[in-house]
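The values are calculated or read from the model by the stated rules, or taken from the named source; none is laboratory data. All of these numbers come straight from a predicted model, not from anything done at the bench. Cβ: placed from backbone, ideal geometry, glycine included. Neighbour counts: every protein chain shown. Note: areas computed on protein heavy atoms with side chains; ligands, DNA, RNA excluded. Shrake-Rupley method; radii C 1.70, N 1.55, O 1.52, S 1.80 Å.
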Amino acid sequence: MTINYDKNLFRFIYSLLLASLLAITGASLYRYASSPTDENLFSSTPGRLYLTTPVPAYPQSGKESQSRPSLQPDSLRVGDILRAVDNSIFDNFQALANYLSAISASDTLEMKIFRPLQRKGYTYHVARADLPDSAFREIPSSVYVISVRAGGASDRGGLKKGDLITRINNQGFQNSREADQILREVNRTGLEIDYEVIRNNREIQLKIKLAKVGIHLAALFMIFTGLTYIASGAFIALSRPQYKAARLIGFSFLAVGFFLAVVLRRDIEYDTFALLRDLLIVLSIYFSPPLWLHLGHYFPGENTEMLKRRWILAVAYGMAAASLLVFIITKQQKLGTVGLMLMVLYILTISFLYRKGVSAECKTIKRHIRRTTIAAAVVILLILVSVYFVFPINEAYFADGSVFMIALSSVLSLIPLVFLYTIGQYRLLDLDIRVRRNVQYNLASVTWILILLAVYIRGLVFLPSLDFEAANIQIKGTSLVVTDDPLTAEEINFYRQMVVMMLAIVFSVLLWKIAKAGQRLIDHKFFRSQSDFRKAARELTEVMSTQFSMQALAEGIVQRLADLLKVKTVGVFFLRDEKDCCCKTTCGMEMEQWERFCSEMLGKITEVVRSNPGESLFSAEYLPEVVRRYLNQSGVRHLIAIRSKEKLLGVLLVGEKLSESPFHKEDLVFLGTVAKQASVALENAFLYESLAEQE
């Protein structure tokens, strides 16, 4: 009773938590999709002194010993933001002017600037004589545009990357947080925004018409990945709550999945719901690592070395709580990130030091999970490298990181799938979640057809857009004539249509050939190739006619049937005087299991077959309960009686196909034919044995 109570209590608590997080995820998704958006990203501009004219300078690495080093013209560009001069920070133009007035014309200044278009800071040396007093002007507090989604609302309105936004709907602001708050208020009251922008030292006014619904493909990928984690964890935890490993998988996957599903969010106003959601996001971030470490104590098997040291988990959860507390109190994201990185480093160190506590069997079971995790880490590392090194070069393609988010979510989604695959393959947690092969075959075939259909449609759309020069060939009567005169527009159009039609035919035939080849490969992979029963019958006849001992005959029958029909299990036993088993053999079943099967079931099977003399084919599903249950456990699906003139000579046992598809009528007819041939061969074997005994 205690176990059932605990299981039911866990199911109730977990289901309540699951329903709550799914409700929050759904509401957050609705807000994200339905909130009007200007489809750009901006950040606070680190200064208010704006460069109005190009200034020659040389980088900090230049040699100051030269009286006039080789300058780089236009090193300081219009639009640069001054951050410091000789390590002194200036908040307004007057303070800068006072400082510069005290500098000799022969002196050199060290100037630190920020370039919004590149989102980078630079340090230059500038001769005071080359820096005019009017080089900078003071601008209002602003935000600089980080990225603009191609084809989005801001792009259509004329906003560009690197622009400085100084006012939103005639309202000023001090930083990006206040600018974002103004946008939330604007989004609540209307669908248009007036931006006052500085670009190349010019004041520009832009009117942005907001997108009413905005949900990007990258966000959909991330949400789908999160839901994959949540669904996988919920299935395992609720199916096997009696196992601690299953419960930990449920909580670990739920934390990661919730974070991924709601990490992309957009709120018109920061209300109680947004506060609760963000608090749960922070909790999932900081407590996911110790949960995964805790899971490593029990899955796929117990790590004896870790379980002996309770302080390992205490330290991990303590670090998570401390990092979370520091983040909440200081509200410094950098400090929270440092704490998170230290916690991850601690977990990796512990996992490495106590890896010997995992048995060799568990290491084998976990190999797919380990490889997938390593591959995911490598991909994430490559993504980060691309963000820092490729992003500035390919801004149009990598705008706002969508490509990275799609790649990241695609890789992360593999982890729960590999967990499910591992659990199903090794029947861990007493779960049988293997997808049947016939379902896999149907999915593979449908996927192949959809891919080819997409390629075919894309090809038909692409072919008419081909642009090529038509040769000056004219059809005159029954001849083709090449002329120097240019073709008319009608002739060019005719020839192009003919070429496109011929290419379409060639493309269709080629794709049809590829489709058939691919389907044959899928059929072979899933053992769906059509059997040639005539050829199979000839091969079996040859085997039976050349074997005179019962043991050789039995082995030949089961081995050829297993190969020809592509079945998992084949067995046969022969009877002397319809009751005594004189020979038995199998293919596809462990010998110990086969011996146990024969000792417990041969008598019952013989009795069932003998009591139904008019039947030759028996399906396991229609046999008595005890026999049916045992046959299903052993993988046997059909029994075929081997008779000669109403005399029972033996029984052929056939298991499930490797393709896991049902037996068709021609399969059963073929098995009946095999039984008739076997009866003749068996009579000959009995006769041969009798003659041998007489001799």
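Overview of results
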| read-out | value |
| --- | --- |
| Calculated FRET efficiency for the pair ILE146/LEU9, C-beta based, R₀ 45 Å, to 0.05 | 0.40 |
| 19 Å reach of a label modelled at ASP580, 7 Å along Cα-to-Cβ, counting backbone N of the range 628-651 | 647-651 |
| Fraction of accessible area attributable to carbon and sulfur, the chain (%, probe 1.4 Å) | 59 percent |
| Length released on extending from ARG119 to GLU138, taking residue separation times 0.36 nm less the Cα-Cα span | 4.8 nm |
| Listed residues TRP311, TRP594 arranged by accessible area, highest first, probe 1.4 Å | TRP311, TRP594 |
| Helix 665-694 axis, angle to the chain major axis (alpha carbon atoms, nearest 10°) | 40 degrees |
| Degrees separating the helix 244-262 axis from the principal Cα axis of the chain, which is the longest one | 40 degrees |
| GLU695, GLU656, GLU615, reordered so the largest accessible area comes first (probe 1.4 Å) | GLU695, GLU615, GLU656 |
| Efficiency of FRET from Cβ geometry, GLU178 and ASN442, R₀ 60 Å, rounded to 0.05 | 0.60 |
| Computed [θ] at 222 nm, helices only, for the chain once each DSSP H run of length n ≥ 4 contributes -39500 (n - 2.57) | -18500 deg cm²/dmol |
| Peptides 248-257, 47-56, 13-22 ordered by average Cβ neighbours within 10 Å, highest first | 248-257, 47-56, 13-22 |
| Which labelled figure in (1) 94, 67, 47; (2) 91, 56, 53; (3) 130, 95, 58 is Cα extents along the principal axes in Å, once derived from the coordinates | (3) |
| Degrees separating the helix 2-34 axis from the principal Cα axis of the chain, which is the longest one | 50 degrees |
| DSSP-loop trypsin sites (Lys or Arg not before Pro) across the range 539-588, with at most 13 other Cβ within 10 angstrom | LYS579 |
| Vicinal HN-Hα couplings computed from phi for the range 356-371 (Karplus, 6.51 cos²θ - 1.76 cosθ + 1.60; Hz; Gly/Pro x) | 6, x, 8, 5, 4, 5, 5, 5, 5, 4, 8, 5, 5, 5, 5, 5 |
| Projected label distance in nm at VAL282 and VAL499, using a 7 Å step from Cα toward the beta-carbon | 6.5 nm |
| Cleavage-rule hits (trypsin sites (Lys or Arg not before Pro)) in the range 285-320: DSSP loop, at most 12 neighbouring Cβ within 10 angstrom | LYS308, ARG310 |
| Virtual spin-label span in nm between LYS244 and GLU625, 7 Å along Cα→Cβ | 3.9 nm |
| Segment THR364-LYS665, length gained on full extension (0.36 nm per residue, minus Cα span) | 104.2 nm |
| Interchain or long-range residues, amide H under 5 Å from CYS583's placed H | PHE574 |
| Loop-located GluC sites (Glu not before Pro) in the range 215-309 whose Cβ has at most 16 other Cβ within 10 Å (DSSP) | GLU269, GLU302 |
| Residues ASN201 and VAL379, FRET efficiency given R0 of 45 Å [Cβ-Cβ distance, rounded to 0.05] | 0.60 |
